[in-house]
Amino acid sequence: MKKQSFISILLIFFSVIGFSQTTQRLEAENYTTFNGVSIETNTALSGGKNIGNCKNGYWVKFAGHVFNEYDTRFDIAAASRTQAGSPTVGTLTGTVEIRIDAVNGTLIGTASINATSTGNWTTYQIVSVTIAQTTGTHDLYFVFKPVTGNTYVGNFDYFEKVTNNTNVFIYTLTTGASPASGGNIYSGQSGNQFVEGTQITLTAVPKFGYSFLRWVDDNGNPVSTANPVTLTIASNATYIAEFKVANTPTISYINSIGTTPLTELTPTVYTEGTSVTLPVPSMTGYTFYGWSTSPTVPNTIKKIETTTTGSQIFYAFWGAAGGNEKETPAFPGAEGYGKYVTGGRGGKLIYVTNLNDSGAGSLRDAINQPGPRIVVFKVSGTIKLESELSITDNITIAGQTAPGGGITLRDYNVKIRGNNVIIRYLRFRMGDTFNIQNDALGARFQQNIIIDHCSMSWSTDECASFYENKNFTMQWCVISESLRNSVHDKGAHGYGGIWGGLKASFHHNLLAHHDSRNPRLGEYAARTVPLEGLLDIRNNVIYNWGLNSCYGGDAMNVNLVNNYWKPGPGTSNSTKERILSTGRNLDPTSPLYQIWGKFFIDGNYINGSNRATQDNWTYGVYNQFHGSQLPVSNADKVAMKINAPHNPGEIITHSATKAYELVLDFAGASLYRDAVDKRAVDDTRSGSATIMNGGNGSTNGYIDTPAAAGGWPELPTETAPLDTDLDGMPDAWETDKGLNPANAADGNLKTLDTEYTNIEVYINNIVKTITDIQNGTLGVDEYSKKSNLFYAYPTVGKNKITLKSFVDYDTVTIINSAGIVVKKITTTNTETEILVNELAHGIYFIKSSKTGLTTKIIIQ
C-alpha cells in the first residue's frame with residue numbers, strides 16, 4: 001500500500017499542470033442523415049459496420065456537433081482502391097471535404113484519401129486532416145468527391161476529432177473487479193488519465209453466476225452502490241466493482257399458438273439480481289407482439305428485472321394487438337421468406353409520368369421521396385439512367401401499371417439500398433454504354449425484400465446478386481445473357497448471380513445463357529453469416545450454363561429442391577450433370593475453415609441424364625467436387641447431406657418438370673414479353689442458341705455486347721387510362737368497383753378487401769390472371785400441351801380473331817391490362833370468331849371460365 005501511495009503522489013506531482021489530448025469518435029454508420037451512401041458490413045477497423053458507396057458528392061451529416069477552440073484535427077479511417085481507367089491508379093482516389101452548417105457550407109478541412117496504403121476495401125489507413133478553428137454547435141458534414149476516373153473515394157469506418165488541451169490538471173482513474181472472475185468494467189471514455197472536471201460513467205457488468213454488489217476504493221471502503229455510477233474527476237481515484245455469487249434459474253420460451261416450445265432462443269438461464277433482455281423471436285407470417293407470463297393474456301414484457309427470482313416461463317404473442325393474427329402477404333402470389341413484406345402499403349401514391357433519368361415525374365424522383373410510397377406509371381418505354389439508381393426503404397414499385405410494353409432500365413446498375421421493398425414487373429438491362437462494371441440488379445445487407453416477375457440481363461458482373469439479406473424472395477424472374485467478354489477488369493465474366501442470405505428464397509426463376517455462377521452460393525467473405533443463414537432454391541430453370549453451373553455453399557445451410565437443369569450448346573461436357581459443386585474453406589485464417597455446408601438436395605431434374613435425375617447426390621454432387629477439394633472422405637459426404645429440408649418458408653412447390661413449363665410461360669416481366677425474354681424462353685424450350693456471334697468472341701448464346709443481340713427492344717406505347725383524382729386507380733375501374741373517381745383518399749382505404757388497400761387491389765388485379773395460373777393445380781402432362789388447347793389467331797376478315805378451344809359451351813372473358821373485363825362471349829363450338837373492332841389498342845387476356853386456361857392477344 002505504501003508503494004502504491006507513493007506512485008500516486010508522484011503522478012499528482014508530475015501532472016498537476018500539463019498537456020492532454022482527448023478524442024471524440026464518430027462512427028461513420030451513426031450519421032444523422034445521409035445522401036447516397038450505404039451502411040455495409042465489410043471488415044471494419046473498429047469492428048461492426050462501415051459506410052460505402054461514397055462517391056459523386058454523396059455525404060453524411062452529424063447534427064448538432066459541438067466544437068471548441070482546442071479542436072485541431074480529424075483522424076479518418078479509410079479503406080480504398082483506385083478503379084480501372086483512373087489516371088491516378090495506385091495513388092489518390094479522392095477527397096473528403098469537412099464542412100459545417102450545410103453540404104456546401106463553410107469548409108474547415110479537406111482530407112486526401114490515398115489508396116497506396118490500402119489497395120482494397122477492407123484494409124484501413126488513418127488519414128489526419130487539420131481543421132480550421134471552430135467553436136459552437138454546428139451540423140457537421142463529410143462530403144465524398146472521387147477524382148476523375150474513379151467511381152468511389154473509399155469505405156469509411158469512423159471520423160475521430162482530436163482536441164489538444166493545455167494548462168489543465170490531469171488525474172488518474174484506476175478501475176478493477178473483485179473477484180476478477182466476477183465481471184467486467186466498462187467506461188464511457190477510453191484511457192485512464194483525465195482532465196479535471198471530466199465526467200466519467202462506469203458500468204459494472206457481472207459475468208454469468210455473479211451479481212453486482214457495490215463500488216469500493218483501493219482500501220476497500222464503500223464508494224457507491226449505483227450501477228452505472230457517474231463521477232467527476234477531481235483527484236486520483238480508484239473504483240473497484242465487487243461482485244457476489246448468485247443463483248442461476250432457467251428460462252423457458254413457449255409459443256402461445258399451440259403452446260409449443262420456441263427453440264434456439266437465448267438466454268435459457270439468468271443470474272438472479274441482474275437485468276436480462278429477452279430475445280425477439282420470429283415466425284413466418286407473424287409480427288411479434290410481446291412476451292407474457294400468462295399463456296392466454298398478451299403482454300409486452302421485454303426483460304427480466306433485477307428483483308426477479310426463480311425459474312421463468314414466457315409465452316410469445318403475435319399480431320398488432322397480441323391477438324395472434326397473421327400478416328398480409330405482399331401481394332397474392334408472394335411466397336418464400338419475403339412473402340410478408342409491406343413495401344409502400346398505406347403510403348402516398350406517386351406517378352411516373354416521363355422516361356427522364358431525374359427531375360419531376362421521373363422514376364428516380366419518385367424513389368427519392370421520403371416515407372412509404374407506391375410508385376405507378378403513366379408511361380411505358382426505356383429509361384436511360386445517367387448514374388446508379390438506389391432504391392430505398394418502404395417502397396412498392398408496380399411496373400405492371402405501365403401501359404403498353406412496360407418499363408426497361410438501361411445504362412447503369414440498380415441497387416436496393418433499403419429495407420421493406422417490393423419490386424414487380426420491371427426490366428433491368430444495364431448494358432455497356434458507359435463501361436460500367438456492375439450487376440444489373442443487386443442488394444446485400446438489407447431485409448424484407450421481394451422481387452417478382454422482373455427481368456435482368458446484360459450485366460458486366462453478375463445479372464442478379466443478392467446475399468446477406470434477411471427475409472428475401474426473388475421469384476418468377478428471367479435472368480439472362482450476362483455480358484461475357486465485356487468491360488470487367490478480370491476479363492470474361494458472363495455470370496448469373498451470387499445467391500445467399502439469412503432466410504432467402506429463390507424460386508421459379510429462369511437463368512439462361514451464363515458462362516458461370518448459375519448461381520454461385522455465397523455470402524460476404526471472412527464472416528460467419530453462412531453458419532447463421534438459410535438459403536432455399538427451388539423450382540428454378542437453369543439453361544445453357546458454360547464452364548460452371550451451381551457451385552459454392554461453403555458452411556451454408558441450403559435447400560436445392562425440384563430445380564430443372566438443361567444443358568445447352570455452350571455447356572461443358574464435364575458439368576452436364578452438375579447440380580452443385582460444393583467445397584469447404586481452405587484458408588486456415590478464415591472463421592469458416594474446413595466447414596462443409598448442410599444441404600438438402602432432392603427432386604432436381606437433369607435433362608439428358610436419367611441417372612443424375614434419379615440420384616441427385618451420387619451423380620449431381622458427390623462426383624462434382626473441384627480438384628482443390630479432394631480427397632473428400634465418406635464422413636464428409638455424410639456430414640454435408642441432411643435428410644430433412646431446412647425450413648423453406650411458405651411456398652407452393654411444383655415438380656421440376658411442371659415448374660419448367662410454368663417458368664417458361666410466366667417468368668419475367670411477362671405482362672408484355674420483350675424480345676430479350678422471348679429469346680431466352682424460346683432458346684430454353686428448343687435447346688438452342690439464337691445468338692451465335694456474341695460480338696467479341698463469344699458463341700453459343702453467350703453475348704458480349706447488347707449490339708450483338710440487336711440492342712434494347714423498342715417497347716410498344718399506350719395511353720394510360722384516365723385517373724381524375726390521381727390515386728393510381730383508373731376512373732373506369734373505380735366506377736366499376738363502386739369507388740369515387742373524384743376522391744383520392746379512397747386509394748388507401750380497404751373498401752374492396754379486408755387485407756389490401758384499394759390501390760393494392762387494383763395493381764394486383766392487373767396481373768391476377770398470371771398469378772392465378774402460375775400457382776394453379778393443372779397436371780404436368782395436361783399443362784404441357786395447353787398451347788394446343790386454347791389459343792387465338794387473327795382471321796382474314798378485318799377486326800376479328802378466331803378462338804380455338806378443346807371445350808365447347810364455355811364463357812370466355814376478355815380482360816384489358818388494367819384488369820377490367822371489357823367483353824364476355826358465350827361459345828358453343830370449339831372454334832369461335834370474335835369481333836374486336838370496339839377494343840382499343842393494347843394487350844388483352846382471354847380467359848376460359850370452364851377450363852381456367854388463358855391466352856393473350858395484342859390489338860394494334
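The values are calculated or read from the model by the stated rules, or taken from the named source; none is laboratory data. Keep in mind it's a predicted model, so treat the numbers as computed, not measured. We place every Cβ from the backbone using ideal geometry, glycine too, and count neighbours over all the protein chains shown.
Miscellaneous remarks
- Test result for G310, surrounded by fewer than 21 Cβ atoms within 10 Å (Cβ to Cβ), farther than 30 Å from K55 by Cα, outside the structural domain of Q447 (by TED's automatic domain parsing) and of a type in the set (G, A, S): yes
- Any chance T284 is among the hydroxyl-bearing types (S, T, Y) and within 30 Å of V663 (Cβ to Cβ): yes
- Among the residues listed as V269, V280, the single one being among the hydrophobic types (A, V, I, L, M, F, W, C), exposed (fewer than 13 other Cβ atoms within 10 Å of the Cβ) and closer than 30 Å to L531 by Cα: V280
- Some residue of the stretch 661-671 being at pLDDT 95 or above, touching a Leu at 6+ places or on another chain (Cβ under 6 Å) and either crowded, with 21+ Cβ neighbours inside 10 Å or part of a helix (DSSP H, G or I) (or both): yes
- Scan the stretch 243-268 for residues that are within 13 Å of T309 (Cβ to Cβ) and under 34 Å from the mean Cα position of the chain (by Cα) and the total you get is 1.
- Residue that is at negative phi and crowded, with 24+ Cβ neighbours inside 10 Å, where the choices are I436, I451: I451
- Scanning the stretch 802-860 for residues that are touching a strand residue (DSSP E or B) at 6+ places or on another chain (Cβ under 9 Å), at pLDDT 75 or above and part of a loop (DSSP other than H, G, I, E, B) gives V836, N837, E838, L839, A840, H841.
- Taken together, I170, I254 contain a single residue that is modelled with pLDDT under 90 and on the phi < 0 side of the Ramachandran plot, which is I170.
- When I397, I367 are checked against the criterion of being buried (at least 22 other Cβ atoms within 10 Å of the Cβ) and within 24 Å of the chain's Cα centre (by Cα), a single residue qualifies: I397.
So that you can scan it fast, the table gives a plain yes or no per residue for (1) without any contact (Cβ under 8 Å) to a residue 40 or more places away in the chain; (2) under 20 Å from G57 (Cβ atoms):
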residue: V375; (1), (2): yes, no
residue: S380; (1), (2): no, no
residue: L389; (1), (2): yes, yes
residue: T392; (1), (2): yes, yes
residue: I395; (1), (2): no, no
residue: Q400; (1), (2): no, no
residue: P403; (1), (2): no, no
residue: G406; (1), (2): no, no
residue: K415; (1), (2): no, yes
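- Residue-level check: of (1) part of a loop (DSSP other than H, G, I, E, B); (2) in contact with a strand residue (DSSP E or B) (Cβ under 9 Å, 6 or more places away or on another chain), P370 misses just (2).
- Selection from the stretch 169-204 of residues that are crowded, with 17+ Cβ neighbours inside 10 Å and within 42 Å of the chain's Cα centre (by Cα): G182, G183, I200, L202, A204
- Some residue of the stretch 213-232 being more than 30 Å from Y70 (Cβ to Cβ), under 37 Å from the mean Cα position of the chain (by Cα), modelled with pLDDT under 95 and of a type outside the set (K, R): no
- Residues that are surrounded by fewer than 24 Cβ atoms within 10 Å (Cβ to Cβ), within 19 Å of L483 (Cα to Cα) and within 17 Å of the chain's Cα centre (by Cα), drawn from the stretch 502-532: R520
- Here the condition is being over 25 Å from A669 (Cβ atoms), hydrophobic (A, V, I, L, M, F, W, C) and surrounded by 19 or more Cβ atoms within 10 Å (Cβ to Cβ); of F317, F377, F331, it holds for F317 alone.
- Out of I126, I113, sole residue that is assigned by TED's automatic domain parsing to the domain that holds N68, modelled with pLDDT of 85 or more and in contact with a Gly (Cβ under 6 Å, 6 or more places away or on another chain): I113
- Being polar (S, T, N, Q) and in contact (Cβ under 8 Å) with a residue 24 or more places away in the chain holds for only one residue in T268, T263, T293, T274, and it is T274.
- Of the numbered criteria (1) in contact with a Pro (Cβ under 9 Å, 6 or more places away or on another chain); (2) part of a strand (DSSP E or B); (3) not charged (D, E, K, R), the one A555 fails is (2).
- Residue within the stretch 756-766 that is part of a loop (DSSP other than H, G, I, E, B), at pLDDT 95 or above and not polar (S, T, N, Q) present: yes
- Test result for A675, hydrophobic (A, V, I, L, M, F, W, C), in the same structural domain as C477 (by TED's automatic domain parsing) and surrounded by fewer than 23 Cβ atoms within 10 Å (Cβ to Cβ): yes
- Those strands (runs of 3 or more DSSP E) lying entirely in the stretch 149-250 with at least 2 residues β-branched (V, I, T) and touching a Pro at 6+ places or on another chain (Cβ under 9 Å): 199-206
A quick yes/no check of all residues on (1) touching a residue at least 60 places away in the same chain (Cβ under 8 Å); (2) in contact with a strand residue (DSSP E or B) (Cβ under 6 Å, 6 or more places away or on another chain):
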| residue | (1), (2) |
| --- | --- |
| L664 | yes, no |
| A669 | yes, yes |
| D674 | yes, no |
| K678 | no, no |
| V681 | yes, no |
| R685 | no, no |
| S688 | yes, no |
| T699 | yes, no |
| I703 | yes, no |
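Quick grid of which residues meet (1) touching a strand residue (DSSP E or B) at 6+ places or on another chain (Cβ under 6 Å); (2) surrounded by 24 or more Cβ atoms within 10 Å (Cβ to Cβ); (3) in contact (Cβ under 8 Å) with a residue 12 or more places away in the chain; (4) not small (G, A, S):
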{"residue": "D536", "(1), (2), (3), (4)": "yes, yes, yes, yes"}
{"residue": "V541", "(1), (2), (3), (4)": "yes, yes, yes, yes"}
{"residue": "Y551", "(1), (2), (3), (4)": "yes, no, yes, yes"}
{"residue": "Y564", "(1), (2), (3), (4)": "yes, yes, yes, yes"}
{"residue": "T582", "(1), (2), (3), (4)": "no, yes, yes, yes"}
{"residue": "L586", "(1), (2), (3), (4)": "no, no, yes, yes"}
{"residue": "W596", "(1), (2), (3), (4)": "no, no, yes, yes"}
{"residue": "G603", "(1), (2), (3), (4)": "yes, no, yes, no"}
{"residue": "N607", "(1), (2), (3), (4)": "yes, no, yes, yes"}
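- Residue within the stretch 690-699 that is buried (at least 17 other Cβ atoms within 10 Å of the Cβ) and under 19 Å from L535 (Cβ atoms) present: no
- Qualifying residue in the stretch 600-607 (condition: at pLDDT 95 or above, assigned by TED's automatic domain parsing to the domain that holds L510, of a type in the set (S, T, N, Q) and within 30 Å of I773 (Cβ to Cβ)): yes
Residue by residue, here is whether (1) in a loop (DSSP other than H, G, I, E, B); (2) among the acidic types (D, E) holds:
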residue	(1), (2)
G273	yes, no
P295	yes, no
N299	yes, no
A316	no, no
G322	yes, no
E325	yes, yes
A330	yes, no
T342	yes, no
R345	yes, no
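- Enumeration of residues in the stretch 288-322 that are more than 17 Å from T259 (Cα to Cα) and among the β-branched types (V, I, T): T300, I301, I304, T306, T307, T308, T309
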